[in-house]
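The values are calculated or read from the model by the stated rules, or taken from the named source; none is laboratory data. Computed from a predicted structure; not experimentally measured. Positions of Cβ are backbone-derived with ideal geometry, glycine not excepted, and every protein chain shown enters the neighbour counts.
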Amino acid sequence: MMNDALGATLKIAGAGLQAQSTRLRVVAENLANADSTATTKGGDPYRRKTVSFDSMMDRGVGAELVKVKQIGRDRSDFQLAYDPSHPAADDKGYVKKPNVQPLIEMMDMREAGRAFEASMNVIEQSRAMMTRVVDLLRS
Amino acid sequence: MDLGKIGFFQLAGTRLDYLAQRQKLVAENVVNANTPDYQARDLKSFDSVMEGIRPVEAARTSGLHLVSTRSTAGFREAGKAALWETTPSGNAVSLEQEMIKGSETRDAFALTTSLFQRNVQMLRMAWRNG
């Protein structure tokens, strides 16, 4: 029973690492596309992606893991920039810029990094506990 | 000889089980630190286990019945864990708090296994000299 629980913690933490990696990937996509405008006249630019998490009961592990529930799109308005020479400029000379705000993305990145580190910590703690159990066999 | 019948080993075994289950709950809390409306969970103190408080499990009258996955294998969950903070999304997991709980659990686990080893050594000495 004890080893089951400790083994389960590794699987739970693994799910956490995976979910946070996905979040980091989305942050990277957003940042990389912070200047991706349309190429056609008056077209929409890149729309910021969002990640939402949900807890999920895994019957195999017997614990509540975490999973990425949905990668959605941020519905907020685009910013406008005046650049009549741009291929995506509308009749008035305005270009729609992506609704990506680097500051928000950086904050999200820090948060994901922190959660990732916390899961790594749990793995280290659980591994230390498992080592103690194995040491009992040696004594 | 059954070590489980010796009081100390029985107690140490229960304590190790308790700590392993607590670590599992810490892991669940940590990975759900960004899940909206997730409430951190914790076990009741080890004292209450010693007082013989046991959770009531639903009786399974058929082999096809599912085992409750919410069960923490014989240890009772605290009704409401002592929470540090709740975010606007309704999430009540503090990573700092969970890290402290995790290291407490690891240290208590190390202490218990050391005591376990020491008692085995004492038994060995007794056998050798007996």
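A compact table of results
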item: Unique residue being more than 10 Å from every other protein chain (Cβ to nearest Cβ) and charged (D, E, K, R) when the list is A:D54, A:D77; result: A:D77
item: Of all residues in the range A:20-69 being basic (K, R) and more than 30 Å from A:L10 (Cβ to Cβ), the one that is surrounded by the fewest Cβ atoms within 10 Å (Cβ to Cβ); result: A:K41
item: Residues located in the range B:90-103, provided they are touching a Lys or Arg at 6+ places or on another chain (Cβ under 9 Å) and charged (D, E, K, R); result: B:K101
item: Condition met for A:S36 (assigned to a loop (DSSP other than H, G, I, E, B) and polar (S, T, N, Q)); result: yes
item: The lone exception for B:S94 - which of (1) in contact with a Leu (Cβ under 8 Å, 6 or more places away or on another chain); (2) over 25 Å from A:S52 (Cβ atoms) it fails; result: (2)
item: Matching residues in the range A:74-106 - criterion: being under 30 Å from A:V51 (Cβ atoms) and assigned to a loop (DSSP other than H, G, I, E, B); result: A:D74, A:R75, A:S76, A:D77, A:F78, A:A88, A:P98, A:N99, A:V100, A:Q101
item: Check on A:L31, within 14 Å of another protein chain (Cβ to nearest Cβ) and either part of a helix (DSSP H, G or I) or at positive phi (or both); result: no
item: The range B:18-34 residues that are in contact (Cβ under 8 Å) with a residue 24 or more places away in the chain, paired with ones that are of a type in the set (K, R) and not in a helix (DSSP H, G or I) (beta carbon under 7 Å, 6 or more apart); result: B:L25/B:R41; B:N29/B:R41
item: Filter result for the condition that a residue is touching a helix residue (DSSP H, G or I) at 6+ places or on another chain (Cβ under 9 Å) and either within 26 Å of A:G60 (Cβ to Cβ) or modelled with pLDDT under 75 (or both), over B:R70, B:R54, B:R106; result: B:R106
item: Residue selected from the range B:38-51 under the condition more than 9 Å from chain A (Cβ to nearest Cβ) and modelled with pLDDT of 80 or more, by the criterion surrounded by the most Cβ atoms within 10 Å (Cβ to Cβ); result: B:A40
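The rows are residues; the columns are (1) at the interface with chain B (Cβ under 10 Å from one of its Cβ atoms); (2) over 23 Å from A:Y46 (Cα atoms); (3) surrounded by 14 or more Cβ atoms within 10 Å (Cβ to Cβ).
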residue: A:P102; (1), (2), (3): no, no, no
residue: A:M109; (1), (2), (3): no, no, yes
residue: A:S119; (1), (2), (3): yes, yes, yes
residue: A:T131; (1), (2), (3): yes, yes, no
residue: A:D135; (1), (2), (3): yes, yes, yes
